[in-house]
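Read the figures in this text as sums done on the coordinates, not as results from a lab. The structure presented is a predicted model; accordingly, all values stated were derived computationally and were not measured. Quick reminder, even Gly has a Cβ in these numbers, built from the backbone with ideal geometry, and neighbours come from all protein chains shown.
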Amino acid sequence: MHMADALLAPAVAATMYAASGIAAGVSVKTLRKDETTAKLPTMAVASALVFAGQMINYTIPGTGSSGHLCGGMLLSALLGPQAGFLSMVVILAIQALFFADGGLLALGANCWNMAFYGCFVGYYLLWRPIQRSGLFGKAKAAGRGKIILASILGCVLTLQLGAFSVVLETSISGITELPFAAFVAVMQPIHLAIGLVEGLITAAVLLFVYEARPELLMDVQSGAEQGKCSLKTTLVVLAVVVALVGGGLSLFASGNPDGLEWSMFGNAEAGYSENMGLDEEAYGVSSSAAETAGAIQEKTAFLPDYAFSGSDSAAGTSVSGLVGSAIVAGAAVLICLAGGFFRRKKAAAKN
């Protein structure tokens with residue numbers, strides 16, 4: 001669902017930057033001290049896991065389309081909505097700057113569409129209420145059931161909201177080639193299917209954490225039962241998964257266009273619908289802001305499209321997965337450490 005710059009008018013892009021910026025500022029301000037210290041290792045590994053997971057496009061059978069993990073629900077379940085949102089902002093910014101995945105002008109919109117809904121709406125509307133409810137009783141199996149239910153419902157709902165926001169943003173931007181009703185009719189069903197798969201993936205990861213180290217999950221009542229693994233072992237296992245996914249499984253990602261690209265351009269070459277039938281080489285809004293953003297990306301993206309520049313070598317994908325995961329892990333930690341530093345400095349000034 002990474003939007004390109006051509007899908008947004010500069011005014012709309014600026015508005016979405018402001019909205020996401022406010023959400024990020026509030027997140028930094030409201031993070032509790034324990035979330036910037038005790039959870040730093042978890043934040044690093046979880047952020048890297050989402051980055052690597054987003055490299056794996058999975059085929060949606062019978063459509064000619066594919067989807068990939070967004071990760072907002074996963075991060076908010078592990079880190080809380082504020083730390084989860086900040087981690088997603090880091091992921092999306094690094095993807096745009098270093099891998100040219102998603103437009104730089106569209107970064108604010110992508111943060112809102114892919115991070116805000118999953119981390120805040122999904123958490124407060126579904127994850128926390130379900131985990132704190134008496135659904136399924138109080139046994140260990142009840143915890144599993146609530147995790148599965150919250151993961152699937154949360155991913156489906158938040159991807160629907162994100163997809164609808166894409167439609168609204170392009171419509172407000174005045175892209176007449178994308179009629180509102182027709183675009184909605186294509187975008188929502190495909191992202192329903194993508195959301196269902198993401199819900200299952202999210203549930204699988206969170207169930208592992210629930211069995212291994214349940215106290216890592218937000219609002220989950222683990223009772224007196226101890227996890228099966230130490231914190232160190234749990235994080236090492238997840239780190240190994242990151243390396244395997246980013247460095248290996250990414251080579252087998254689906255070549256079909258993702259839900260947004262499929263909705264706009266179709267996949268007629270593979271015998272599927274043209275959908276909106278846009279020309280991939282000439283569509284959307286042209287603006288000096290988009291040209292400037294594109295020029296910046298050309299200079300900063302050292303692994304464009306997760307590959308070596310000018311090369312089709314599969315090694316480029318593996319290197320992208322491993323390097324990108326490492327950068328994301330380090331950057332997520334630095335962002336939260338910086339937030340903690342400024343809060344301590346502010347508290348010292350008051351004293």
task = Pick out, in residue order, every one of the GluC sites (Glu not before Pro) in segment 109-208 that is DSSP loop and has at most 16 other C-beta atoms within 10 Å; say none if there are none.
result = E177
inquiry  = Relative contact order for the chain: what percent, with Cα pairs under 8 Å and sequence separation of 6 or more?
reply    = 29
request  = Could you pull out the trypsin sites (Lys or Arg not before Pro) across segment 120-178 that fall in loop regions by DSSP (anything but H, G, I, E, B) with no more than 14 other Cβ atoms inside 10 Å?
outcome  = K138
key: the chain: most fluctuating residue of A182, A83, A239 per GNM, C-alpha cutoff 10 Å   = A182
Cβ-based net charge around L69, under 13 Å, with every Lys or Arg adding one and every Asp or Glu removing one = -2
note = Dividing the helical contributions, -39500 (n - 2.57) per DSSP H run of n ≥ 4, by the residues of the chain yields a 222 nm value, nearest 500 deg cm²/dmol, of -20500 deg cm²/dmol
task = Pick out which of E215, E269, E261 has the largest mean-square fluctuation in a Gaussian network model of the chain, springs linking Cα atoms closer than 10 Å.
result = E269
ask   = Can you list the trypsin sites (Lys or Arg not before Pro) in segment 212-310 that are in a DSSP coil and have 14 or fewer other beta carbons within 10 angstrom?
value = K228
task = Starting from the amide H of I60, placed 1.01 Å from N in the peptide plane, find each other amide H under 5 Å away whose residue is 5 or more places distant or on another chain.
result = S65, S66, G67
task = For segment 174-179, take each phi angle, set θ = phi - 60°, evaluate the Karplus expression 6.51 cos²θ - 1.76 cosθ + 1.60, and give the result in whole Hz per residue in order, putting x for glycine and proline.
result = x, 7, 5, 5, 10, x
message = Which one, G72, G227, G108, has the greatest fluctuation when you compute a Gaussian network model over the chain with C-alpha springs under 10 angstrom?
response = G227
Ratio Rg/Rh [Cα only; Rh per Kirkwood] for segment 5-350 = 0.96
ask   = For the chain, what number of Lys pairs, 8 or more residues apart or on separate chains, have alpha-carbon atoms under 25 Å from each other?
value = 19
task = Could you run the Karplus curve 6.51 cos²θ - 1.76 cosθ + 1.60 with θ = phi - 60° over segment 291-299 and give me ³J(HN,Hα) per residue in whole Hz, x for Gly and Pro?
result = 5, 5, 4, x, 5, 5, 4, 4, 7
query = Residue-wise, which Karplus ³J(HN,Hα) couplings in Hz belong to segment 319-331, taking 6.51 cos²θ - 1.76 cosθ + 1.60, θ = phi - 60°, and x for glycine or proline?
reply = 4, 4, x, 6, 5, x, 4, 5, 4, 4, 4, x, 5
